[in-house]
Ligand code: IPM
Ligand code: MG
């Protein structure tokens, strides 16, 4: 029997997780879900953002559903004891190097985007973000002394094999879609990006069916707003992917809509919304559970290889939006928003 480890985490994490697990139970009743602690919740209970028990069970299950981590309560913690360290730790420990963040503008939500509806019509892209290397993990890092005064540093470093494997995921993803890969870099300044680009160019020879182009990250931030519908698959190092995926999310109307899949070697995966723990609205039945519910669809598709229930979940979300239901983040003026629980229930009803 397939097992899924649910890590609700902090802030709105537990609220959106509860809705998502009910959806999962509906469409895949044979899947067993169990819970464990991560992030601030784990720090409060055990002193560690990623307790060994959580990691052991994540390794056993191989498939993880995660809510969100972090909050102002833990701001004072040292870097390696912050809630975020739990998330970075589990990504690294499970070898989840490929993060897929699809962003599509559904017609029903075009009015929720901060951009003009004609500017976002037809947007259907995916950010392929490298997730276990680059500036997030490079050594040396931290505070040190330089020329007699305090200093701090992080290091952006990539090994050839790390670039090659994520580039392949980028090309393979593009090949299954519209065949266009946009590689994001800052090679005019950073040697690590020039190196990354050479390897991407080299991999392009093995993928003649995919057309490759390159964009400087600053210019990418601009053209993504101007011509979002032009993009298909966007390949990014870790930090650039973090930034551009939030931007891509906003095109769709709300960060509360975007799911993600973090994949490693066969069968392993962690599925989480792109949004954070939103402590300002936690516990108030205001969070949008759709990104978390759509993360269940990605789990069904990528980890359990069940495309049929995955499609059912997505269709149910579309139907609820088409019927005009909106959580507060999506509601435009004059629309009466529904809460987290009601939105979850509407999706479950639409599954029937
Ligand atoms: C994300 C988040 C995380 C990241 C944080 C919470 C560590 O912003 O998944 O995009 O930077 O990767
Ligand atoms: Mg982010």
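Taken together, the values in this text are just the output of simple stated rules run on the coordinates, not laboratory data. Because the structure is a prediction, the values reported are computed rather than measured. Cβ sites come from the backbone with ideal geometry, for glycine too, and all protein chains shown count toward neighbours.
For residue 144 and residue 177, compute 0.36 nm times the residue count separating them, minus their Cα-Cα distance, and round to one decimal in nm. Can you show the working numbers first?
On the way: separation 33, 0.36 × 33 = 11.88 nm, distance 4.59 nm.
Gain on stretching residue 144 to residue 177: 7.3 nm.
Want the number for residue 284 to residue 30: 0.36 nm per residue separation, take away the alpha-carbon distance, what's left?
On the way: separation 254, 0.36 × 254 = 91.44 nm, distance 3.16 nm.
Extending this stretch completely gives an extra 88.3 nm.
Please list the equivalent ellipsoid semi-axes of the range 166-231, computed as the square roots of five times the alpha-carbon gyration tensor eigenvalues, in descending order and whole angstrom. Intermediate results must be reported in sequence, preceding the final value.
Values: eigenvalues 72, 62, 10 Å².
They are 19, 18, 7 Å, listed largest first.
Can you pull the Kirkwood radius for the chain, inverse mean 1/r over Cα pairs, to one decimal in Å?
Details: mean 1/r = 0.0482 Å⁻¹.
Taking the inverse mean of 1/r over all distinct Cα pairs, the chain comes out at 20.7 Å.
Which whole-number percentage describes the relative contact order of the chain, with Cα contacts under 8 Å and a sequence gap of 6 or more? Before the final figure, lay out the partial values.
Details: 760 pairs, mean separation 76.5, N = 352.
For the chain, the relative contact order is 22 percent.
Which residues in the range 191-205 have a backbone N closer than 12 Å to a point placed 7 Å from the Cα of residue 218 along the Cα-to-Cβ line?
Nothing falls inside the zone, counting backbone N under 12 Å.
With a bin width of 5 angstrom, please list the P(r) values of the range 124-250 as percents of all Cα-Cα pairs, from the 0 bin to the one holding the largest distance.
2, 11, 21, 22, 18, 12, 6, 4, 2, 1, 0
Show that you can apply the helix-only estimate: for the chain, add -39,500 (n - 2.57) for every DSSP H stretch of four or more residues, divide by all residues, and state [θ] at 222 nm to the nearest 500.
Working: 12 runs with 144 residues, N = 352.
So the helix-based figure for the chain works out to -12500 deg cm²/dmol.
Using the basic label-point model (7 angstrom from Cα toward the beta carbon), what is the residue 227 to residue 75 distance in nanometres?
4.1
Normalized C-alpha radius of gyration of the range 38-124, against 2.2 N^0.38 Å? Write down the numbers at each step before the final one.
On the way: Rg = 17.8 Å, N = 87, 2.2 N^0.38 = 12.0 Å.
Normalised Rg, Cα atoms only: 1.48.
If R₀ is 45 angstrom, what is the calculated FRET efficiency for the pair residue 157 and residue 341, using the beta carbon separation as r and rounding to 0.05? Before the final figure, lay out the partial values.
Working: r = 45 Å, r/R0 = 0.99.
The calculated FRET efficiency here is 0.50.
Can you pull the one-decimal nm distance between simple spin-label points at residue 247 and residue 189, each 7 Å off the Cα toward Cβ?
A separation of 1.3 nm, rounded to one decimal place.
Report, as a whole number in µm² per second, the diffusion coefficient that Stokes-Einstein gives for the range 222-300 at 25 °C and 0.890 mPa s using the Kirkwood radius over alpha carbon pairs.
Details: Rh = 14.0 Å.
This corresponds to a translational diffusion coefficient of 176 µm²/s.
Could you please state, rounded to a whole Å, how far the C-alpha centre of the range 262-336 is from the C-alpha centre of the range 225-239?
21
Contact order normalised by length for the range 124-250, with contacts defined as Cα pairs under 8 Å and 6 or more residues apart; what percent is it? Don't skip to the answer; put the middle values down first.
Numbers: 203 pairs, mean separation 47.5, N = 127.
Relative contact order of the range 124-250: 37 percent.
Looking only at 168, 159, 121, which one moves most when the chain is put into a Gaussian network model with springs between Cα atoms under 10 Å?
159
Between the alpha-carbon centers of the range 65-114 and the range 175-210, tell me the distance in whole angstrom.
Centre-to-centre (Cα) distance: 25 Å.
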